[in-house]
1. Which value in Å is the Kirkwood Rh of region 1-87 over different Cα pairs?
2. With springs only between Cα atoms under 10 Å, which of A62, A110, A192 fluctuates most in a Gaussian network model of the chain?
3. Counting only DSSP beta bridges with both residues in the chain, what percent are antiparallel, rounded to the nearest 5?
4. For region 217-283, take the convex hull of the Cα atoms, compute a quarter of its surface area, and give me that in nm², please.
5. Can you sort M255, M95 by solvent-accessible area, 1.4 Å probe, largest first?
6. Across 10 Å bins from 0, what is the distribution of all Cα-Cα pair distances for region 54-198, in whole percents?
7. Counting DSSP beta bridges with both partners in region 1-107, what percentage is antiparallel, nearest 5?
8. Note down the relative contact order for region 210-256 as a percent, whole number, built from C-alpha pairs under 8 angstrom at least six residues apart.
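The values are calculated or read from the model by the stated rules, or taken from the named source; none is laboratory data. All values reported here derive from a predicted model rather than from experimental measurement. Neighbour counts are summed over all protein chains in view; Cβ atoms, including those assigned to glycine, are modelled from backbone coordinates with ideal geometry. Note: areas computed on protein heavy atoms with side chains; ligands, DNA, RNA excluded. Shrake-Rupley method; radii C 1.70, N 1.55, O 1.52, S 1.80 Å.
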Amino acid sequence: MSGLLTLRGVTADRLGELLDAGQRHVELIRSGASAPVTLARRTVTIAFFEPSTRTRLSFEKAAMTLGATVLTLGQESSTVKGESFRDTIQTLTAMGSDALVIRHHLADAAELAARWSGIPVVNAGVGRREHPTQTLIDALTLRQHFGTLHGLRMGMVGDVRNSRVARGHLNALPTLGVELTLIGPSTLLPDANPWGARTSHSLDEELGDLDVVYLFRIQRERGAGTGLPSEPSYHLRYGMSEERLSLLKPTSMIMHAGPMNRGVEIDDAVADGERSLILSQVANGVPMRMAVLEDALGGRS
Ligand code: CP
């Protein structure tokens with residue numbers, strides 16, 4: 001059983017292999033060539049117990065493009081009738097799934113699904129723990145834009161405390177040579193910092209040193225509601241505005257995993273401007289997830 005549960009402890013060589021495989025799919029898509037049907041006769045079940053636009057649809061498209069049979073289970077599953085998560089996983093496995101792609105509010109859901117199913121499981125974002133394919137997508141996007149990740153300075157701005165995307169980045173991007181600074185009010189930064197990342201409470205003091213400003217939405221659905229600044233006061237100190245854009249180096253870029261809260265952590269002119277990599281991140285979702293599914297299922301293009 002393989003799969004992708006976490007990027008913690010994954011070597012730079014292995015991360016590089018996954019990014020190279022994602023880049024090969026980017027180039028195939030760009031060339032207009034048909035994708036190799038490396039997952040023909042395989043069944044990929046995409047089970048999402050939390051909302052999603054980008055991750056769910058890009059996994060669906062990735063699996064279909066590779067020729068897999070795709071089953072999708074959304075929030076309408078029989079868990080609303082009281083079926084347990086364990087019974088759900090065992091049901092999906094008994095139906096003949098060859099791999100599971102799991103999004104869930106519980107942090108250990110992907111690990112439990114792997115244990116209960118005995119088949120490859122891909123973590124598509126669980127609790128606050130990690131969202132590893134988003135991190136791979138973002139690493140691929142950075143490598144495409146800057147040529148290398150080594151020596152890049154990224155500021156991770158906002159609700160790092162509640163973000164599974166941020167944890168994936170903290171687990172893997174330093175391995176690839178990215179220097180991370182966590183920026184936000186103390187209520188939005190993690191209490192523990194086992195990664196030893198630099199922290200700052202002043203975005204304006206950091207902007208001039210950053211190559212990448214990665215913005216995080218305040219995740220009120222994960223209980224971030226206590227002790228938070230109001231949206232206008234957050235925007236005043238940490239919102240990425242056109243004025244703040246002018247404090248960046250001319251080569252610095254903006255990233256956001258989505259969904260965005262426009263007017264809070266990011267202004268329209270920034271999100272839609274020429275320094276934004278946000279739609280490149282989205283575009284890389286399908287090819288990077290094609291590579292992850294092939295890796296999980298032993299398919300090769
Ligand atoms: N970035 C991300 O996980 O977006 P979705 O919640 O829309 O999948």
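1. 15.4 Å
2. Result for the chain, Cα springs under 10 Å: A192 fluctuates most.
3. Within the chain, antiparallel bridges account for around 5 percent of the total.
4. Result: a mean projected hull area of 5.0 nm².
5. Sorted by accessible area, descending: M95, M255.
6. Distribution as computed: 10, 34, 31, 20, 5, 0 percent.
7. Bridges in region 1-107 are about 0 percent antiparallel.
8. Answer for region 210-256 is 83 percent.
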